[in-house]
Amino acid sequence: MSVVIPTRNEAKNLPMVIPRLPGGLFEVLIVDGCSTDGTVDVARELRSDVRFVEQTGQGKGNALSTGFAAARGDILVTLDADGSADPAEIPRFVSALVAGADLAKGSRFAQGGGSADITRTRRLGNRVLCILVNGIYGTGYTDLCYGYNAFWADCLPALSTSRPLYAADPTLESPLGEGFEVETVLNVRAAKGALRVWEVPSYELRRIHGQSNLHAFRDGWRVVRTIWGESPAFAARYSPSAAAPPGSVDGILPLPATSQAIAPVTPVRAEAPPVPLPRTTPVIEQSPALVGDSQPPPGTRASNGHGPDKQ
């Protein structure tokens with residue numbers, strides 16, 4: 001199990017987060033976004049086996065995408081570094097995966113969950129977005145924008161592209177978005193990829209230190225744009241880069257590595273099997289040369305030329 005924690009100036013919060021991680025973890029992966037407060041040094045002091053990855057771009061979505069690409073565990077868990085998500089709840093998510101789920105998503109509004117940090121505006125916006133997504137994809141989500149999730153690593157290809165049957169190209173699009181819409185991207189693509197999603201009740205705590213980078217209206221609009229862009233009417237369209245190159249569908253196979261041309265195979269029509277004729281009793285004509293030869297009586301073996309036959 002790999003726990004992926006995106007960080008940016010979280011040196012004061014990590015002492016409240018890393019010690020509460022459960023035992024038996026395969027790895028703890030810190031994806032740092034150019035922190036200037038000594039976040040990396042603090043993490044090393046708290047846990048000597050922690051792995052560090054430098055974020056390749058900006059935003060939470062890019063940080064998680066970078067961490068997922070570097071993770072080596074069979075189960076990937078996303079955990080915020082600000083102390084709002086309780087690491088002690090990780091066994092709940094793992095139990096849901098082991099029981100049969102492909103993705104276990106935390107929910108503050110499922111029975112047993114709650115939040116000490118969400119505002120009325122964010123709660124209302126989350127409810128409206130849930131109604132929108134549930135109406136489009138037939139899901140029953142109660143929480144769409146919560147960052148506490150866990151899933152099997154082999155589900156990552158379906159979660160990393162808007163077209164689940166095709167591989168994502170990181171040079172053309174950000175696999176999981178760039179900002180706080182990453183949670184919506186994961187939930188929507190899980191529905192589009194026909195993954196089995198189970199909600200796990202979770203309690204959101206208040207941020208310990210610092211100010212959140214989340215802005216309700218700005219990031220809410222990003223989520224709406226994400227839902228619109230991920231809708232089947234747009235996600236199923238092919239981009240020019242996905243089209244077959246000219247001449248690739250002319251029926252001629254390309255040259256193999258041995259530089260020998262391969263002739264096109266002409267299909268051969270299968271012939272109908274012969275119809276068996278009805279069996280008839282064969283008529284055996286006796287040769288004149290055999291007339292007069294002694295024939296063994298019925299019930300005896302033919303002579304082998306070495307002596308008389310014996311009954």
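Here is how the numbers come out for the structure above:
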| quantity | calculated |
| --- | --- |
| Criterion violated by Thr78 - all others in (1) in contact (Cβ under 8 Å) with a residue 24 or more places away in the chain; (2) over 24 Å from the mean Cα position of the chain (by Cα) satisfied | (2) |
| Flag if Val31 is assigned to a helix (DSSP H, G or I), closer than 22 Å to Glu89 by Cα, within 29 Å of the chain's Cα centre (by Cα) and of a type in the set (A, V, I, L, M) | no |
| Within the range 43-95, considering residues that are of a type in the set (Gly, Ala, Ser) and farther than 24 Å from Pro175 by Cβ, the one surrounded by the most Cβ atoms within 10 Å (Cβ to Cβ) | Ala43 |
| Close pairs from the range 3-32: first at positive phi, partner in a loop (DSSP other than H, G, I, E, B) and open to solvent by 10 Å² or more (accessible area, probe 1.4 Å), Cβ under 7 Å, at least 6 apart | Asn9/Ser35; Asn9/Thr36; Asn9/Asp37; Asn9/Gly210 |
| Which numbered condition Val94 misses (of (1) over 26 Å from Ile118 (Cβ atoms); (2) touching a strand residue (DSSP E or B) at 6+ places or on another chain (Cβ under 8 Å)) | (1) |
| Positions within the range 89-134 being among the charged types (D, E, K, R), part of a loop (DSSP other than H, G, I, E, B) and within 15 Å of Ser202 (Cα to Cα), in sequence order | Arg108, Asp117 |
| Boolean, Ala190 is at negative phi, buried (at least 21 other Cβ atoms within 10 Å of the Cβ), modelled with pLDDT of 90 or more and small (Gly, Ala, Ser) | yes |
| Some residue of the range 43-55 being within 20 Å of Phe180 (Cα to Cα) and outside any strand (DSSP E or B) | yes |
| Residue satisfying all of: in the range 1-42; among the polar types (S, T, N, Q) and open to solvent by less than 20 Å² (accessible area, probe 1.4 Å); modelled with the highest pLDDT among these | Ser2 |
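Quick grid of which residues meet (1) in contact with a helix residue (DSSP H, G or I) (Cβ under 9 Å, 6 or more places away or on another chain); (2) in contact (Cβ under 8 Å) with a residue 40 or more places away in the chain; (3) closer than 25 Å to Ile30 by Cα:
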| site | (1), (2), (3) |
| --- | --- |
| Asp74 | yes, yes, yes |
| Ala104 | yes, yes, yes |
| Phe109 | yes, no, no |
| Gly113 | no, yes, no |
| Gly140 | yes, no, no |
| Tyr148 | yes, yes, yes |
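The values are calculated or read from the model by the stated rules, or taken from the named source; none is laboratory data. This one's a predicted model, so the numbers in the text were calculated from it and none came from an experiment. All Cβ positions, glycine included, derive from the backbone under ideal geometry; neighbour counts span all protein chains shown. To get the accessible areas, we keep the full protein, side chains included, count just its heavy atoms, and leave off ligands, DNA and RNA. Shrake-Rupley method; radii C 1.70, N 1.55, O 1.52, S 1.80 Å.
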